[in-house]
Amino acid sequence: MLIRRERPGDAAAIREITVAAFGRTAEATLVDELRESGAWLPALSLVADSLVAGESGVTGHVLCTRGHVGDAPVLALGPLSVRPDRQRSGVGSALMHAVLGAGDALGEPLVTLLGDPGYYGRFGFRLSEEYQISPPVAGWRAHFQVRALTGYRPAVRGMFRYAEPFDRV
């Protein structure tokens, strides 16, 4: 498996995988809308490309887009999608490590996400309140998480804002 940047020809495969992974189209539509927005960060839209003999193509996708804590630019991770027949095989973990490493290499301060703390805790995510960062919806507190990167500054705190396309999910 090779983790690489998304290419223009990958969009249809990413959409198909995202629909299959979530069992609905909302997340796939979100990816399409983010791709067309000012929040899109091409260097942080990554795919897992299978290198298994007899198999080829995209098996997973992750992206980070621009979000903000107060006025500070930060990363918003998600969605993370893996083809159902490849889930629990390390594809999602490989994508997570790659996108976190890429964000760190770009000097980003932190990554936020909404998800299961039991899953994302293994990647260093902690509940956002530990960083004095509030989710945009109070009811998300138990699932809204932050992963500090090398560029993290404790002064980055306050209310988190996703890019506008997230408002429609």
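Here is how the numbers come out for the structure above:
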quantity	calculated
Residue among 29, 18, 65, 59 that alone is surrounded by 13 or more Cβ atoms within 10 Å (Cβ to Cβ) and under 17 Å from residue 103 (Cα atoms)	65
Yes/no for residue 93 being in a loop (DSSP other than H, G, I, E, B) and surrounded by fewer than 22 Cβ atoms within 10 Å (Cβ to Cβ)	no
Filter result for residue 107 (loosely packed, with under 14 Cβ neighbours inside 10 Å and farther than 27 Å from residue 24 by Cα)	yes
Cβ pairs under 6 Å, 6+ apart, first in the stretch 116-137 and free of Cβ contacts under 8 Å to residues at least 12 places away in the same chain and of a type outside the set (A, V, I, L, M, F, W, C), second part of a helix (DSSP H, G or I) and buried (at least 17 other Cβ atoms within 10 Å of the Cβ)	none
Any hit, the stretch 44-59, residues being part of a strand (DSSP E or B) and within 25 Å of residue 157 (Cα to Cα)	yes
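Quick grid of which residues meet (1) in contact (Cβ under 8 Å) with a residue 24 or more places away in the chain; (2) more than 19 Å from residue 120 (Cα to Cα); (3) touching an Asp or Glu at 6+ places or on another chain (Cβ under 9 Å):
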{"residue": "18", "(1), (2), (3)": "yes, no, yes"}
{"residue": "24", "(1), (2), (3)": "no, yes, no"}
{"residue": "34", "(1), (2), (3)": "yes, yes, no"}
{"residue": "46", "(1), (2), (3)": "yes, no, yes"}
{"residue": "62", "(1), (2), (3)": "yes, no, no"}
{"residue": "65", "(1), (2), (3)": "yes, no, no"}
{"residue": "70", "(1), (2), (3)": "yes, yes, no"}
{"residue": "75", "(1), (2), (3)": "yes, no, yes"}
{"residue": "82", "(1), (2), (3)": "yes, no, no"}
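Each row is one residue, and each column tells you yes or no for (1) part of a loop (DSSP other than H, G, I, E, B); (2) surrounded by fewer than 16 Cβ atoms within 10 Å (Cβ to Cβ); (3) among the aliphatic types (A, V, I, L, M); (4) at pLDDT below 95.
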| position | (1), (2), (3), (4) |
| --- | --- |
| 73 | no, yes, no, no |
| 81 | no, no, no, no |
| 88 | yes, yes, no, yes |
| 103 | no, no, no, no |
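Okay, residues lined up against (1) within 24 Å of residue 25 (Cβ to Cβ); (2) modelled with pLDDT of 95 or more; (3) surrounded by 12 or more Cβ atoms within 10 Å (Cβ to Cβ):
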site	(1), (2), (3)
113	yes, yes, yes
121	no, yes, yes
125	no, yes, yes
150	no, yes, no
155	no, yes, no
158	no, yes, yes
163	yes, yes, yes
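The values are calculated or read from the model by the stated rules, or taken from the named source; none is laboratory data. Note that the coordinates shown come from a computational prediction; the quantities given were computed from them, not determined experimentally. No Cβ is skipped: glycine too gets one built from the backbone with ideal geometry, and neighbour counts run over all protein chains shown.
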